[in-house]
1. If I ask for residues that are β-branched (Val, Ile, Thr), buried (at least 16 other Cβ atoms within 10 Å of the Cβ) and touching a residue at least 40 places away in the same chain (Cβ under 8 Å), which ones from the range 16-58 would you list?
2. So how many residues does the range 94-137 have that are crowded, with 24+ Cβ neighbours inside 10 Å and touching a residue at least 60 places away in the same chain (Cβ under 8 Å)?
3. So Ala88 passes all but one of these: (1) in contact with a Phe, Trp or Tyr (Cβ under 8 Å, 6 or more places away or on another chain); (2) under 23 Å from Leu109 (Cα atoms). Which condition number does it fail?
4. Could you tell me whether Leu23 is more than 26 Å from Leu154 (Cα to Cα), at pLDDT below 80 and either in contact with a helix residue (DSSP H, G or I) (Cβ under 6 Å, 6 or more places away or on another chain) or in a helix (DSSP H, G or I) (or both)?
5. Can you work out which of the residues in the range 148-179 that are surrounded by 21 or more Cβ atoms within 10 Å (Cβ to Cβ) and either of a type in the set (Asp, Glu) or modelled with pLDDT under 90 (or both) is farthest from Leu50 (Cα to Cα)?
6. Would you call Leu79 buried (at least 22 other Cβ atoms within 10 Å of the Cβ) and either in contact (Cβ under 8 Å) with a residue 12 or more places away in the chain or in a helix (DSSP H, G or I) (or both)?
7. Looking only at the range 84-136, count every residue that is under 21 Å from Ser40 (Cα atoms) and part of a loop (DSSP other than H, G, I, E, B) and tell me the total.
8. Would the range 62-69 turn up any residue that is modelled with pLDDT under 85 and crowded, with 16+ Cβ neighbours inside 10 Å?
Amino acid sequence: MEWISDFQDWLWQLYQSVPFAILGVWTLTSCLLLVGLIGSVVPLLPGPFLIFIAGTLHTFLRPDAGMSWQGIVLLSLLLVASYIVDMAAGAMGARWFGASRWGIVGVFLGGVIGLFFAPVGFIVGPLLGGLCFELVFAKKRMAPAVKSTWGTLLGTGLGLVVRLVLSLGMILTVLVDIL
């Protein structure tokens, strides 16, 4: 029975030696980084912004072991780049595949209207907006209008990949700067 008492003593000493404040901050930071990575691909989750919050919150909660100002500036630049890519990718893909100015306006307006019909509206909104504006205002025939709509879809997909890469870069920036 003495071994049970020794085990309890050892367990109590282990419990007292764990720095729970540091463990809590790292748990919060890790969860935000993971949800941010998932959110860089899933609609309605502001992935890159959550990664930015993870780095700055970790620095605020643990100033002695947080990020440097250079790391926060780099993190901010990557955040801005991810939002620029997110906004412009569909329109750039449409333009690359021959969309007119009306088609690009339709992609942007369809994207804004699609926000109200989430999560399906995030994909369908820009596509329908670009197609409708190409057919109605640019007076294109169906084949060229569909081609530019296909460009919108490819641009949006490529933008998603670039945003994922930027999010991974943001996570790497946070971890390298903190560690």
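The values are calculated or read from the model by the stated rules, or taken from the named source; none is laboratory data. Here the structure is a predicted model, which is why all the values come from computation and not from measurement. Cβ sites come from the backbone with ideal geometry, for glycine too, and all protein chains shown count toward neighbours.
1. Thr29, Ile51
2. Going through the range 94-137 one residue at a time, the tally reaches 1.
3. (1)
4. Working: more than 26 Å from Leu154 (Cα to Cα): yes; at pLDDT below 80: no; either in contact with a helix residue (DSSP H, G or I) (Cβ under 6 Å, 6 or more places away or on another chain) or in a helix (DSSP H, G or I) (or both): yes.
No.
5. Ranking the qualifying residues of the range 148-179, first place goes to Ser148.
6. On the way: buried (at least 22 other Cβ atoms within 10 Å of the Cβ): no; either in contact (Cβ under 8 Å) with a residue 12 or more places away in the chain or in a helix (DSSP H, G or I) (or both): yes.
Criteria not met by Leu79.
7. Selection size over the range 84-136: 2.
8. Within the range 62-69 (the criterion being modelled with pLDDT under 85 and crowded, with 16+ Cβ neighbours inside 10 Å), the answer is yes, since at least one residue qualifies.
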